[in-house]
Amino acid sequence: MAGYVLKAENLNIWFGNKHVIKNVSLEVPDKSVFALMGPSGSGKSTLLRAFNRLLDLYEDVHVEGHVYFDGIDIYAPNVDPTWVRRRIGMVFQHPNPFPHMSIYDNVAIGPRLNRMVKSKKELDELVRWALERAYLWDEVKDRLHMPAAKLSGGQKQRLSIARALALKPRLLLMDEPTANLDPVATEKIEELVLDLKKEIPIIIVTHNPQQAARIADYTAFLYYGELIEVGPTSRVFTEPRSKLTEKYLLRQL
Ligand code: ADP
Ligand code: MG
């Protein structure tokens, strides 16, 4: 499994009797940004949630096939889903820090619950590290005890990223993290993604092909549950192997 952080094999997902992911196989190389693009309703969020077993929390969902994370089959009966969720972080489309909780506590809560630190000093250092890593420290260092609700949209999203990073995940999943942000805030997140990938591979869902072109090393195109295409981003964009990909890139789908 060397070289791949995550590998899906013949993955099928149903909500009730609705088949929403259809026999998807793909490999996500380490140290890369991997974009998952496709029109709304194609199953991007579902696939992403299957990658860290967040999908288990939904009703009436059925998963078949395999997802290997560093070679470990995360759907095997002996695997603890909470371990998977801790090792594979998630950032959502709507920035979701706890609004009434302070900036500090939003980052500190995960390490505290998981007993990752032994002292207040260690916790302070981890919180600072995560906020720095998420490009937020300089903007908030003087008001760490302010409620998160007071931050701007872009800052809230970077706080969500800091919260995920504080758990020292091995892989980061991002579900349309810039969909609700203005261009300046979007650019900052994209820059951050490119910086983070050196240490932590990232799978990012986007319905914006330009975003994939800007930041992704590899791009997959999902179309109503089927994986139409996957490969190095430059190849997918310049020589798409499917007419559907071509149409999607020309915004005709
Ligand atoms: P995308 O993120 O690409 O927009 P989703 O993964 O959200 O697509 O949805 C894929 C399909 O699964 C859609 O048809 C959607 O209606 C359906 N779906 C998503 N979540 C649920 C759910 N919790 N229960 C039932 N159907 C769902
Ligand atoms: Mg979605």
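The values are calculated or read from the model by the stated rules, or taken from the named source; none is laboratory data. On a predicted model such as this, the values are computed, not experimentally measured, just so you know. Heads up, the Cβs are rebuilt from the backbone with ideal geometry, glycines too, and the neighbour counts pull from every protein chain shown.
Numbers at a glance
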item	result
Within the range 167-237, strands (runs of 3 or more DSSP E) holding 2 or more residues that are more than 16 Å from ligand 2 (Cβ to nearest atom), under 18 Å from the mean Cα position of the chain (by Cα) and over 14 Å from M37 (Cβ atoms)	171-175
Flag for L253 being modelled with pLDDT under 95 and more than 30 Å from I103 (Cβ to Cβ)	yes
Matching helices (runs of 4 or more DSSP H) fully within the range 40-125 where at least 1 residues are more than 30 Å from R143 (Cα to Cα) and away from ligand 1 (no atom under 16 Å from the Cβ)	81-87
Search result, residues across the range 126-166 that are part of a helix (DSSP H, G or I), of a type in the set (K, R) and surrounded by fewer than 18 Cβ atoms within 10 Å (Cβ to Cβ)	R128, K150
Residue, surrounded by the fewest Cβ atoms within 10 Å (Cβ to Cβ), within the range 40-52, restricted to residues that are of a type outside the set (A, V, I, L, M) and within 13 Å of ligand 2 (Cβ to nearest atom)	S40
Conditions (1) over 26 Å from G110 (Cβ atoms); (2) in contact with a helix residue (DSSP H, G or I) (Cβ under 6 Å, 6 or more places away or on another chain); number of the one not met by G16	(2)
Criterion violated by F98 - all others in (1) aromatic (F, W, Y); (2) crowded, with 16+ Cβ neighbours inside 10 Å; (3) closer than 22 Å to I189 by Cβ satisfied	(2)
Residue in the range 45-58 that is closer than 23 Å to T82 by Cα and more than 19 Å from the chain's Cα centre (by Cα) present	no
Filter result (away from ligand 2 (no atom under 16 Å from the Cβ) and in a strand (DSSP E or B)) within the range 24-33	S25, L26, E27, V28, P29, V33
Those residues of the range 56-92 which are within 16 Å of ligand 2 (Cβ to nearest atom) and either closer than 20 Å to G110 by Cα or modelled with pLDDT of 95 or more (or both), in sequence order	L57, V61, M90, V91, F92
Of all residues in the range 14-28 being closer than 22 Å to E176 by Cβ and either in contact with an Asp or Glu (Cβ under 8 Å, 6 or more places away or on another chain) or modelled with pLDDT under 95 (or both), the one that is surrounded by the most Cβ atoms within 10 Å (Cβ to Cβ)	V24
Candidate set from the range 53-89 (those that are acidic (D, E) and touching a residue at least 40 places away in the same chain (Cβ under 8 Å)); member that is surrounded by the most Cβ atoms within 10 Å (Cβ to Cβ)	D70
Scope the range 212-225; condition in contact with a strand residue (DSSP E or B) (Cβ under 7 Å, 6 or more places away or on another chain), more than 20 Å from G3 (Cβ to Cβ) and either away from ligand 1 (no atom under 12 Å from the Cβ) or among the hydrophobic types (A, V, I, L, M, F, W, C) (or both); matching residues	A212, I215, F221, L222
